[in-house]
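The numbers here are math on the coordinates, done by the rules we state, and not lab data. Computed from a predicted model, the values in this text were never measured in an experiment. Glycine gets a Cβ as well: all are built from the backbone with ideal geometry, and neighbour counts include every protein chain shown.
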Amino acid sequence: MADWGGWGLVSVIAAAIAALCTASRLRKRHARELYLIWYINSLFFLLFVALEIVAAPNHDRLTKVCSDYESICTSIYGYLTGTREELLLIGAIVGVCVGPQLLTYLLAGIFGAAIAPKYVWHIEQFVVWSLIKFIAALAGIQSATPFAKLLTHQPVTTAEFFYGLFSIAIAFGWAGLHFDLHALREAVTRQLVGAKPNWPVRQAVRIHAYFTRNAREQ
């Protein structure tokens, strides 16, 4: 049974509201992406609920249900829930693919020999959606454990329901931020082709023109 009192309940309600609010931002213009995030979350939720229920009667570790393949399942479980490893991987991708381009742009720009970084938005889309999918799957796994405890009549605290809700709210929040950045990019693009771009856009164009002044002549 779960103890539904105290600040644990408040935190769960707050996380649920955050998840609903962040998800609702996507419902009209990005319904497919909303569906994808919920699908990944639901897939891992149901899969791990089933595994938890199988492991519960013998009070085994979750990976114990793999029997002779427990070491493999442990590795997979660690991969699916290893937040630090996922962030390091994403950081490495950004560092290798985007970092050198940006640094080269700044250094070469001093001499007017810069070239605009390429494929930055493609890399951003890959990185962001990799992170969103990971968090959505993690949220499903985190939600599965307390739910399975309820189904198998094990003690469970209200706070345990918080983590899954909070994680799925983060997934939807990242998706919303991603689309906001692309909307901003489109707005800047429209300013560039417009008759009177605003002051920040004009300054950015001047800086880019200065950084590429010699490269454009070749």
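For the stretch 173-214, what log10 I(q)/I(0) values come out of the Debye formula at q = 0.28, 0.33 1/Å, with one point per alpha carbon and no solvent?
Here the Debye-derived log intensity ratios amount to -0.91, -1.02.
Going by alpha carbons, how many degrees (0 to 90, nearest 10) lie between the helix axis of 199-211 and the longest principal axis of the chain?
On a 0 to 90 degree scale, this one is about 70.
How tilted is helix 31-55 with respect to the longest principal axis of the chain? Cα atoms for both, answer in degrees (0 to 90, nearest 10).
Taking the Cα atoms of the chain, the angle to 31-55 is about 30 degrees.
Let me know the whole percent of all Cα-Cα pairs from the chain that are separated by more than 30 Å.
Of all Cα-Cα pairs in the chain, 43 percent lie more than 30 Å apart.
Checking a compactness column here: for the stretch 143-204, what do you get for Rg(Cα) / (2.2 N^0.38 Å), N being the number of residues?
Dividing the Cα radius of gyration by 2.2 N^0.38 Å gives 2.11.
What relative contact order, as a whole-number percentage, does the chain give when Cα pairs under 8 Å and 6 or more residues apart are counted?
Worked out over the chain, it gives 37 percent.
Please compute the Kirkwood hydrodynamic radius over the stretch 87-182, one decimal place, Å, based on all pairs of different Cα atoms.
Computed over the stretch 87-182, the radius equals 16.0 Å.
Just grab the label-to-label distance for residue 85 and residue 184, each label 7 Å out from Cα along the Cβ direction, in nm (one decimal).
Distance between label points: 3.3 nm.
Angle check, please: helix 160-193 long axis (alpha carbons) against the longest principal axis of the chain (alpha carbons), in degrees 0 to 90, nearest 10.
20
Expected output is a single nm value to one decimal: the length gained when fully extending between residue 111 and residue 94, i.e. 0.36 nm times separation in residues minus the C-alpha distance. What is it?
3.6 nm
Any idea how far the Cα center of the stretch 74-142 sits from the one of the stretch 20-38, in Å?
23
Treat the stretch 129-178 as a sphere of radius equal to its Kirkwood radius over Cα pairs and apply Stokes-Einstein at 37 °C in a medium of 0.692 mPa s; give the translational diffusion coefficient in µm²/s, rounded to a whole number.
291
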